[in-house]
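This report concerns only the one structure given below.
Read-outs throughout are calculated quantities, based only on the coordinates presented, and are distinct from any laboratory measurement. In this text, all values refer to a predicted model and were calculated from it rather than measured experimentally. Don't worry about glycine lacking a Cβ; one is built from the backbone with ideal geometry, like all the others, and counts go over all protein chains shown.
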Ligand code: COA
């Protein structure tokens, strides 16, 4: 694994992918997406891996896509978009037919929350806040969140999160079906790991086929939505609205959308 910000290790049948860029709140760069995609593929291919654990750093799961990358190295548009590292990561997560468990160690923003929609088990620190502020950034939802979030919680509660970008607590994440349980911050990784270890005692073929069956009815719709969102997202990244939002973030001020 060449990216220093993604740690990958296999121990006792569990492949752990740890996001480790605390100084930038675990913001995800293109290199980090590529490394996570590679790690997921290795976990999928390695026979002794029975489950995958995705985790962050104390107090931060991930602040989402690196906004500097959004400005200077945005994913391609049109057919190129599907080759970009973020789409490779999405594809690898969707293709993983081993159980994926997320330990949400702290704030989960943007793709930090939407990736959870495609994990099988999600445990959240009681100190974590989640948010999908795509629209506030001049963007549109990604990773099929425009499909899955309304399905999970109904259109109106989804609108609070996807249109207004309202943050929500760990308890609310459980209540609306995004997470399984809230754990004390000091316990969340251990708890997620204990769940992952349980798959060592289960028949792996049956687990894989059961997961495939559970995901199959949605699979095509999820992929189609990711492509549709991706086409709009790529154009939005280059829009004056998004440029204003990104500049405002780095200038530590509120964005001003009054001129649009
Ligand atoms: N992309 C790039 N840099 C980011 C980042 C991101 N998504 N999130 C945080 N950072 C950087 C900050 O610019 C800052 O860098 P600096 O020390 O060089 O100034 C550093 O990480 C610390 O972030 P800061 O905002 O000071 O920490 P905080 O504890 O006050 O707030 C967050 C933490 C996660 C709430 C806040 O950083 C945030 O809202 N980040 C952006 C989330 C976002 O909009 N993501 C995109 C979703 S599509």
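For segment 24-65, the Cα-based Rg and Dmax, in that order, read 12.0, 34 Å. Working ranking of peptides 123-134, 204-215, 227-238 by packing, defined as the average number of other Cβ atoms within 10 Å per residue, highest first, is 123-134, 227-238, 204-215. Beta-bridge orientation, the chain: approximately 30 percent antiparallel, per DSSP, counting only bridges with both partners inside.
Taking all pairs of different Cα atoms in the chain, averaging 1/r and flipping that mean, what Kirkwood radius in angstroms comes out?
Values: mean 1/r = 0.0542 Å⁻¹.
The answer is 18.5 Å.
The angle between the Cα long axis of helix 240-250 and the main principal axis of the chain comes to about 70°, on a 0 to 90 degree scale. Treating segment 58-175 as a set of equal point scatterers at the Cα positions, no solvent, please give the Debye-formula log₁₀ I(q)/I(0) at q = 0.16 Å⁻¹. Once normalised to I(0) and log-transformed, intensities are -0.79. Compared with the dominant principal axis of the Cα atoms in the chain, helix 204-237 is inclined by about 10°. Classify segment 29-124 from the C-alpha gyration tensor, please: rounded if a/c falls under 1.5, else prolate or oblate depending on whether a/b exceeds b/c. Because a/c hits 1.5 or more and a/b fails to exceed b/c, segment 29-124 counts as oblate. Computed from Cα atoms, the angle from the helix 85-95 axis to the main principal axis of the chain rounds to 40 degrees. Segment 198-234 and segment 237-260 have Cα centres lying 34 Å from one another. Each of 121, 70, 61 was scored by other Cβ atoms within 10 Å of its Cβ. Listed from fewest to most, they are 121, 70, 61.
Can you give me the relative contact order of the chain as a percent, contacts being Cα pairs under 8 Å and 6 or more apart? Write out the running numbers ahead of the final one.
Working: 504 pairs, mean separation 51.1, N = 260.
20 percent.
The helix-based estimate of mean residue ellipticity at 222 nm for the chain, built from -39,500 (n - 2.57) per DSSP H run of four or more residues and divided by its residue count, is -13500 deg cm²/dmol to the nearest 500. Taking each residue as 0.36 nm, the span from residue 151 to residue 227 lengthens on full extension beyond its C-alpha to C-alpha distance by 25.5 nm.
Direction-averaged shadow area of the convex hull around the Cα atoms of segment 146-260, nm²? Intermediate results must be reported in sequence, preceding the final value.
On the way: hull surface 42.8 nm².
Hull-based average projected area comes out at 10.7 nm².
Reported to the nearest whole Å, the Cα centre-to-centre distance from segment 81-100 to segment 6-64 is 13.
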